[in-house]
1. Those residues that are surrounded by fewer than 23 Cβ atoms within 10 Å (Cβ to Cβ) and in contact (Cβ under 8 Å) with a residue 12 or more places away in the chain, I need them from region A:42-55; list them, please.
2. Please find, within region B:354-364, the residue that is surrounded by the most Cβ atoms within 10 Å (Cβ to Cβ) out of those that are under 27 Å from the mean Cα position of the chain (by Cα) and free of Cβ contacts under 8 Å to residues at least 60 places away in the same chain.
3. Which of the residues that make up region A:44-69 are in a loop (DSSP other than H, G, I, E, B), more than 10 Å from chain B (Cβ to nearest Cβ) and at pLDDT 85 or above?
4. Identify the single condition in (1) within 21 Å of B:Gly73 (Cα to Cα); (2) surrounded by 17 or more Cβ atoms within 10 Å (Cβ to Cβ); (3) touching a strand residue (DSSP E or B) at 6+ places or on another chain (Cβ under 9 Å) that B:Val310 does not satisfy, given that it satisfies every other one.
5. Check region B:336-350 and report whether any residue there is among the basic types (Lys, Arg), assigned to a helix (DSSP H, G or I), within 24 Å of the chain's Cα centre (by Cα) and surrounded by 17 or more Cβ atoms within 10 Å (Cβ to Cβ).
6. Do we have any residue at all in region B:312-324 that's of a type in the set (S, T, N, Q) and closer than 30 Å to A:Tyr31 by Cβ?
7. Identify all residues within region B:163-189 that are modelled with pLDDT of 65 or more and surrounded by 16 or more Cβ atoms within 10 Å (Cβ to Cβ); write none if there are none.
8. Do you know which of the residues in region B:57-81 that are charged (D, E, K, R) and assigned to a helix (DSSP H, G or I) is surrounded by the fewest Cβ atoms within 10 Å (Cβ to Cβ)?
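The values are calculated or read from the model by the stated rules, or taken from the named source; none is laboratory data. Keep in mind it's a predicted model, so treat the numbers as computed, not measured. Quick reminder, even Gly has a Cβ in these numbers, built from the backbone with ideal geometry, and neighbours come from all protein chains shown.
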Amino acid sequence: MTESDDNEELIEWKKFLKGDDRAFVYFYKKYIDILFSYGMCFTADRELVKDCIQELFVNMYCHRSKLNSTNHVKFYLFRALKNILINAFCKGPHFDSLDVVSISYSTDYTIEDKLIEDEQDQVRKENIIHVLELLTSHQKEAIYYRYVEELSLDEISVMMNMNYQSIRNLLQRAIKKMRSTFSDRNFSVKISIEKDSRYL
Amino acid sequence: MRILNTYNYYLNYTVEQLLADDFFIESIKHSSEESDAFWEEVLKRGIVNKKDFDLACFLLTAMQTKKERISPGEVSQLWEDIEIANKTTINKKRRKERFICSFIAAASVLFAVGFSLFEIYILKSHNHISIENVKAPLFSSTDIQLMLGGNKAVSLKGDTVKVSYKGNKVNVNEEALNLSESTNAGNQQEYNQLVVPFGKHSMLTFNDGTKVWVNAGTRVVYPVSFKNDKREIYIDGEIFLDVKHNEKWPFIVKTSRMEIQVKGTSFNVMAYARDIDQQVVLVSGRVHIVEKNRFKTDLHPNEMFVDNGVTTKVRTVDVKDYILWKQGLYKYDSERLDVIMKRLSRYYNKSINCNVDVAFYKCSGKLDMNMDLDEVLKGISLTAPVSFNIQNGKYIISHK
């Protein structure tokens, strides 16, 4: 996310807190896709995810006077949605014990086809996806926050209820695992960043 | 962002280190000319091994997940559900808070009185404000108000008032408005506005012959005389327009969210700035709608354009239903009861509250709003399983 985008968002957030309904619409439109695909990482139940998103936005709208100012709206929305999902799981038929409730993250990986330049890369792609599938649910979740949604390590530690150092270690181990798949000998990947090939 | 001459910061960075670096991640995910140039230089100088760099890029792109997508249909359905739930929840809260609110309201009137002096001062110092920024009068009135240049307001008595501009004269109900020399309609640059409170109606005729029917609770802002290049007005509320055709003199209606461009046609616009829904219904001719920064559409006769805040739709309708309000009739077709009541509340300027358990009943029918409100509500209670009672001058609709 760019800085100007961040600024625009904080201005809209302030407008929303002051009672501007159009700012509410702005956040719905901006985040509905992201929140839905995020929610779907914890369950395969589309309706449940939609219900939870509805609860999130209704809470946000009806209790806006109690909301705090935030400097990162995306982080606020993610955390709120995850909490609502956890509550929904507690109530649902999935849990009948009094164990500590945790929900587990799972996802499929894909590499955008435009990044794959030849058949050799195709093989590499399959390799890496295989490795990614082997990561633990925690590792996958942390990777998602860090590399897909670009949350900070502090934010991730709140999201996952773990301390900063544990998150760092978790991520490092995951990267190491992925890295080990590619010894220097067999790796000379061709990736194009943007459209040009200056890194080839 | 890191200062760009610190190339050596990345000396011998490994794949793991690169992937733990915020600037690296940002550069790859949202590359800019600046960041591209930076990494190009880092690689050229051999500060980071090219293979490591490429691998880090590859892994970063590999970590993108396959996303479950929500369909546009689901997005707008979910939005409708959220809106309904918001209204229900707010209604419940409001009943508790009403008592507290009356105190706050009293306090804010005192504030407003102090503030108005300041406001007028600011308005005077800016001569060229654009039409959508013209301020509504600070104090609402139960009469129709005509705001002339120089902040002069004229109150017009009666439930329906005709205002027409002819040359330099303003006629109210066919009689010339008696204006003192110093305050005629205002100079060319200035805007006039007509503010119609709830429970009242008006008809406005402009210099060019265009006629505007103005529904209850509406504010129309327009220049004293139209500019040479375009005829432009701003509305917050509901109007029906019959625009005098002139191919070379486009007519533009602005609302809080859209701009409707026409050459000569008749159409209805409902766009209360504080409502989330805005709609345009075209009777004849053609209109072009431009929504702020995002959406353009041409509308054909018998089509309705609706913007519900999230998505926009065009559908075919029976236009007669949408302009019946001109004759004091209101036809609705499987419309939510709370929407119907909101409209009646505007028309009669009475507070009407729909209990939550009946708010979402879908009703169809036709009402004659020339009758008084009690009669109209009696009519509704014969066709829907609801009853109404009056408490402290407020109407409450509940389940029978």
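1. Looking only at region A:42-55, we keep the residues that are surrounded by fewer than 23 Cβ atoms within 10 Å (Cβ to Cβ), and these are A:43-48, A:50-51, A:54-55.
Result: A:Thr43, A:Leu48, A:Lys50, A:Asp51, A:Glu55.
2. At the first step, the residues of region B:354-364 found to be under 27 Å from the mean Cα position of the chain (by Cα) are B:354-356, B:358-364.
Now drop any that are not free of Cβ contacts under 8 Å to residues at least 60 places away in the same chain, which leaves B:354-355, B:358, B:361-364.
Details: B:Cys354: 25, B:Asn355: 14, B:Val358: 19, B:Tyr361: 18, B:Lys362: 13, B:Cys363: 16, B:Ser364: 11.
Applying the filter and picking the extreme gives B:Cys354.
3. At the first step, the residues of region A:44-69 found to be in a loop (DSSP other than H, G, I, E, B) are A:44-45, A:63, A:67-69.
This time we only want the ones that are more than 10 Å from chain B (Cβ to nearest Cβ), so: A:45, A:67-69.
If the condition is that a residue be in a loop (DSSP other than H, G, I, E, B), more than 10 Å from chain B (Cβ to nearest Cβ) and at pLDDT 85 or above, then A:Asp45 is the only one that fits.
4. Here B:Val310 clears every test but (3).
5. Restricting attention to region B:336-350, the residues satisfying the condition of being among the basic types (Lys, Arg) are B:336, B:342-343, B:346, B:350.
Restricting the remaining residues to those that are assigned to a helix (DSSP H, G or I) gives B:342-343, B:346.
Now restrict to residues that are within 24 Å of the chain's Cα centre (by Cα): B:342-343, B:346.
Checking which are surrounded by 17 or more Cβ atoms within 10 Å (Cβ to Cβ) leaves us with B:343, B:346.
Within region B:336-350 (the criterion being among the basic types (Lys, Arg), assigned to a helix (DSSP H, G or I), within 24 Å of the chain's Cα centre (by Cα) and surrounded by 17 or more Cβ atoms within 10 Å (Cβ to Cβ)), the answer is yes, since at least one residue qualifies.
6. Step one: of region B:312-324, the residues of a type in the set (S, T, N, Q) are B:312, B:316.
Narrowing the set further to residues that are closer than 30 Å to A:Tyr31 by Cβ leaves B:312.
Looking through region B:312-324, at least one residue is of a type in the set (S, T, N, Q) and closer than 30 Å to A:Tyr31 by Cβ.
7. Restricting attention to region B:163-189, the residues satisfying the condition of being modelled with pLDDT of 65 or more are B:163-178.
The answer is B:Val163, B:Ser164, B:Tyr165, B:Val170, B:Val172, B:Leu177.
8. We begin by selecting, within region B:57-81, every residue charged (D, E, K, R); these are B:66-69, B:74, B:80-81.
So of that shortlist, the ones also assigned to a helix (DSSP H, G or I) come out as B:74, B:80-81.
Details: B:Glu74: 15, B:Glu80: 12, B:Asp81: 16.
Here the answer is B:Glu80.
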